[in-house]
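What follows is one structure encoded as structure tokens, with my remarks underneath.
The values are calculated or read from the model by the stated rules, or taken from the named source; none is laboratory data. Keep in mind the model is a prediction, meaning the values are calculated, not measured. Cβ placement follows ideal geometry from the backbone for every residue including glycine, while neighbour counts extend to all protein chains displayed. Just so you know, the surface numbers come from the protein's heavy atoms only, side chains and all, with ligands and any DNA or RNA stripped out. Shrake-Rupley method; radii C 1.70, N 1.55, O 1.52, S 1.80 Å.
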Amino acid sequence: MSTVLVTGASGLLGRSVQRVFHLDGWNSIGTGLNRINPPEVIKLDILDSEEIVRVLDDVKPRVIVHCAANRFPDSCTANPEAARKLNVDSSRALAEAAVARGIFLIYISTDYVFSGVRGEAPYKTTSATDPPNVYGQTKLDGEKAVLDVVSKSETRGKVVVLRVPVLYGSCDEPSDSAVNVLMSQLWTSQNIEQGSAKIKVDDYALRYPTNTSDVGRVCRDISKLYLDPTNASRDLPSILQFSSEDRMTKWEICKTFSDIMGLPLDGMEPFKPNEESQDGVKRPYDCHLDTSALQELGIDVGTVDFRFWWRKEVGAFR
């Protein structure tokens, strides 16, 4: 039985990735700093390079899916040094330890490596990167760090970057997801009295909400393909991209939630922010990811329907 190690397994994406591998028959072990549940989820301070080495030598995984990251733009802007340590430095240390042991590593990145300027999307894996904020820059620098480790080691196919957009899925706290939190805000808005300030929701930026289980499936399929001995001589790409095709603004997501739950939107209102950010955190207009590189490898890029998943999640059968 092959072993996979999933960093950030107590988070939104990590837990789904770990579950997908487990259901496929892998020995699936997660790591986290909090919400530990041995032996399924073990403790790892990803900022400690010695801890990384110890865990890899104990677990001896064949694959690592690196989900642990600071993925909140506001937090990254507020503390760029901390964001760099987690998103760049720890990723480099993990890649060095993995490549030295012949472990295949998938580094989860983001669509925010692209500027998102109107008219540029969809972005291919080869499109010019231009991060709009600290978060996107640190994730791009993390990409460069892990790929640099491979180039210096002269190995092939040991690291793959997988870029994904905004994610949603089952989670403990709605705040774990920029999508799930909108459902929580819809419920909160039901208590707003007439005449009081409404909750403002972005109706500007285009999003492509993608389910975490679909990302987990793609990570599993990439792992199988890249580890297949018959592909050892193939020049497989080092950067891949995955995304749903469900395009909507946050306001349109709220309208979908309103319809599913049968709740009014009276306590919420759409707004279109200035294209030039006022708080220093720039957010792209459209970072739609082209998935053709995955399709050319024969990997399924289908995704669960957004409305269908949420109806099932909340038990809405009306």
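Before moving on, here are some points about what is shown:
- Extension gain from GLU173 to GLU269, taking 0.36 nm per residue of separation minus the Cα-Cα distance: 32.2 nm
- Beta bridges per DSSP with both ends in the chain, % antiparallel, nearest 5: 5 percent
- Residue order for ILE36, ILE64, ILE29 - accessible surface, 1.4 angstrom probe, largest first: ILE36, ILE29, ILE64
- Residue-level accessible surface for TRP251, protein heavy atoms, 1.4 Å, Å²: 30 Å²
- Nearest 10 degrees, 0 to 90: helix 180-189 Cα axis against the chain principal axis: 20 degrees
- Degrees between helix 212-227 axis and first principal axis of the chain (Cα, 0 to 90, nearest 10): 20 degrees
- Per residue, the chain exposes 47 Å² of accessible surface when a 1.4 Å probe is rolled over the protein heavy atoms with every protein chain present.
- When each of LYS255/LYS312; LYS198/LYS250; LYS144/LYS200 is checked by Cα-Cα distance, pairs over 27 Å: LYS144/LYS200
- SER2 sits with roughly 40 Å² accessible to a 1.4 Å probe, with DNA, RNA and ligands left out of the calculation.
- Ranked order, HIS22, HIS288, HIS66 - accessible area, probe 1.4 Å, largest first: HIS22, HIS288, HIS66
- Full-stretch length increase - ASP290, LEU236 - with 0.36 nm per residue and alpha-carbon distance subtracted: 17.7 nm
- Solvent-accessible surface ranking, highest first, for LYS198, LYS272 at 1.4 angstrom: LYS272, LYS198
- Here's the list of aspartates and glutamates a cross-link from LYS139 could span, going by alpha-carbon distance under 15 Å and ignoring same-chain residues fewer than 8 apart: ASP74, GLU81, ASP89, ASP111, ASP130, ASP148.
- Between GLU252 and LYS198, the distance separating the two model label sites (each 7 Å from Cα on the Cα→Cβ line) works out to 1.9 nm.
- Split the accessible area of the chain by element, probe 1.4 Å, and carbon with sulfur accounts for 48%.
- The alpha-carbon of LYS60 sits under 17 angstrom from the alpha-carbons of these aspartates and glutamates, leaving out residues fewer than 8 places away in its chain: GLU40, GLU50, GLU51, GLU96.
- Taking amide H as placed 1.01 Å from N in the peptide plane, the amide H of ILE239 sits under 5 Å from that of VAL161, each at least 5 places away or on another chain.
- Every helix of 4 or more DSSP H residues in the chain counts as -39500 (n - 2.57), and over all residues that averages to -11000 deg cm²/dmol at 222 nm.
- Fully extended contour minus Cα-Cα distance, from GLU51 to ASP305, at 0.36 nm per residue: 87.5 nm
- Between VAL314 and VAL117, the simple label model (points 7 Å from Cα in the Cβ direction) yields a spacing of 3.8 nm.
- Between helix 49-59 and the chain: long-axis angle, C-alpha atoms, 0 to 90°, nearest 10: 70 degrees
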